1. Taking ARG94, is it over 30 Å from LEU10 (Cα atoms) and at pLDDT below 90?
2. If a residue has to be part of a loop (DSSP other than H, G, I, E, B) and not basic (Lys, Arg) to count, how many in the stretch 113-146 make the cut?
3. Tell me which residues, restricted to the stretch 130-161, are touching a residue at least 12 places away in the same chain (Cβ under 8 Å) and exposed (fewer than 10 other Cβ atoms within 10 Å of the Cβ).
4. Please go through the stretch 162-176 and pick out each residue that is aliphatic (A, V, I, L, M) and either touching a residue at least 60 places away in the same chain (Cβ under 8 Å) or closer than 21 Å to ARG123 by Cα (or both).
5. What are the residues in the stretch 21-44 that are at pLDDT 95 or above, among the aliphatic types (A, V, I, L, M) and assigned to a helix (DSSP H, G or I), if any?
6. Here are some conditions: (1) under 17 Å from LEU28 (Cα atoms); (2) polar (S, T, N, Q); (3) at pLDDT 85 or above; (4) open to solvent by 60 Å² or more (accessible area, probe 1.4 Å). THR78 meets all but one. Which one does it not meet?
7. So, in the stretch 20-55, exactly how many residues are touching a residue at least 12 places away in the same chain (Cβ under 8 Å) and open to solvent by 60 Å² or more (accessible area, probe 1.4 Å)?
Amino acid sequence: MPDPRSLADLLHQPVRWRIVQNLIGRPLTTGQLAQRLPDVPTTTLYRHVAVLVQADVLRVTGERRIRGAVERTYELNTAAADGDNEAPDRDRLRTMFTVFLAGLAGDFDRYLAADDVDPVRDRVSFRQAALWLSDGELAELQERITEAFAPFLEHDPEEGRTRRILSTVLLPADRG
């Protein structure tokens, strides 16, 4: 049975927040999480992963035996965030957007923490544009964006590829 706490309550804890940030867009084993979070004691890491699994934030996508122990692979349970295709209420929508922004901020902080930060070489950019669009034009824009990204979403990690985070937000600026 999923943990009844809100996502905001669950992720308010810094270790759980960091676990979720590391799982954005990729599955990881507990061992890989431990490597990415070397300052977190192993028992603490396992306890927080268990809380997130119980809350249905994470799901187990694989298991393998290693010297008598079971190592699990986890990923974010994005289906749980979809709310069964129902429109989320305001509080849930606010929570979902807060998680999105925090994930984005975490990715940027990890980039800035590297020894060789070079935004020109790394092609770092962030932009915001105001577009005047009818509902039909917005639908067309979203369709074209989806078509443009589709061939790239299936790429696997390999030599010469860098994992890049692409984030977009479309909001009505006003109702007037």
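1. On the way: over 30 Å from LEU10 (Cα atoms): no; at pLDDT below 90: yes.
Against the criterion (over 30 Å from LEU10 (Cα atoms) and at pLDDT below 90), ARG94 does not qualify.
2. 19
3. Step one: of the stretch 130-161, the residues touching a residue at least 12 places away in the same chain (Cβ under 8 Å) are 130, 138, 142, 145, 149.
Correct list: ALA130 only.
4. Hits for the stretch 162-176 are ILE165, LEU166, VAL169.
5. Selection gives LEU33, ALA34.
6. (3)
7. Matching residues across the stretch 20-55 total 5.
Matching residues to (1) modelled with pLDDT under 80; (2) in contact with a Leu (Cβ under 8 Å, 6 or more places away or on another chain); (3) among the polar types (S, T, N, Q); (4) closer than 20 Å to VAL169 by Cβ:
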| residue | (1), (2), (3), (4) |
| --- | --- |
| ARG5 | yes, no, no, no |
| ILE19 | no, yes, no, no |
| TYR46 | no, no, no, no |
| ARG64 | no, no, no, no |
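The values are calculated or read from the model by the stated rules, or taken from the named source; none is laboratory data. None of these values were measured; they are calculated from a predicted model. Ideal geometry is used to build each Cβ from the backbone, glycine not excepted, and the neighbour counts take in all protein chains shown. What goes into the accessible areas is simple: the full protein's heavy atoms, side chains included, and nothing from ligands, DNA or RNA. Shrake-Rupley method; radii C 1.70, N 1.55, O 1.52, S 1.80 Å.
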